[in-house]
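Working notes for the structure below.
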Amino acid sequence: PRLATGLLWAIHKAKALDAASFKRVVPHPAIRTELLGWLVRAGLLSVAAPAAREILEDDPTNRAALFVLVEKAFAEKDYAGAEKSLVFLAAKLESQGAASYWRGRIAKATRREDEAVKAYREALGAQPPFIGAAFELERVYVSRRQFREAIDVLESVSLVDTSPAGRVNLHVRLAAVWEDSGDLVLARRELERARRLDAGRADVAWALVRV
């Protein structure tokens, strides 16, 4: 996949990426969909978007391709376009977690915070829950200075994401919220917990010096 990503990037830089060239480079539909994920993770939305449109010509219900169009429209601040793609996409999903998450992102970006909170909570209540919504919801609560609500949301994540990296990131986020609330003692406690889990995290070490 890395070789294919590099090749597509070279084609894109040469202003030659279109549906036909994408099909020639990656003729197998399943591999094209897999490659789409690599392009998004590499931050190459400008390459992923035309590839997604080409995939949708053959498979109009391809969820990965539809998500790319939502993300591309959102990145370009075309929120109406993102919502349009999202409505079509939501009808194709068994779990609505990801769709609710993106509804929240769009609502927040268009200053509809109450709708954003509702959508993020729906994403967290989906099966499986969409964990990314917790961090977006936390940011909304912190901006409103609803620190207790922000803490509750983050602590709920610990019941779902038990990976070592997830636990470290959770403690770092909790520390930031406690610091914003003015409680430096609890902020430091969370940072100490993060350091015990991963002593090599430079951001944790720096935060401990600062707090």
> In square angstrom, rounded to the nearest 10, how much accessible surface does Asp114 have for a 1.4 Å probe?
Replying inline: 110
> Nearest 0.05, what FRET efficiency do Arg41 and Asp183 give at R0 = 30 Å with Cβ-Cβ as r?
Replying inline: 0.25
> Where the eigenvalues come from the Cα gyration tensor of region 71-170, what are the semi-axes √(5λ) of the equivalent ellipsoid, largest first, in whole Å?
Replying inline: 23, 17, 11
> With every protein chain present, what is the per residue accessible area of region 53-149 (1.4 Å probe, Å²)?
Replying inline: 54
> Among Lys84, Lys72, what's the order by accessible area (1.4 angstrom probe), most exposed first?
Replying inline: Lys84, Lys72
> What's the carbon and sulfur percent of region 96-153's accessible surface, probe 1.4 angstrom, rounded to a whole number?
Replying inline: 48
> trypsin sites (Lys or Arg not before Pro) within region 118-201: which are DSSP loop residues with at most 11 other Cβ atoms inside 10 Å?
Replying inline: Arg145
> How about Lys118: which aspartates and glutamates have a C-alpha closer than 17 Å to its C-alpha, ignoring those fewer than 8 places off in the same chain?
Replying inline: Glu83, Glu136, Glu138, Glu149, Asp152
>> Please report the accessible area of Asp180 (heavy atoms, 1.4 Å probe, ligands and nucleic acids excluded) in Å², nearest 10.
In response: 80
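The values are calculated or read from the model by the stated rules, or taken from the named source; none is laboratory data. None of the values given here were measured: they were computed from a predicted structure. All Cβ positions, glycine included, derive from the backbone under ideal geometry; neighbour counts span all protein chains shown. The area values use the complete protein model at the heavy-atom level, side chains included, leaving out ligands, DNA and RNA. Shrake-Rupley method; radii C 1.70, N 1.55, O 1.52, S 1.80 Å.
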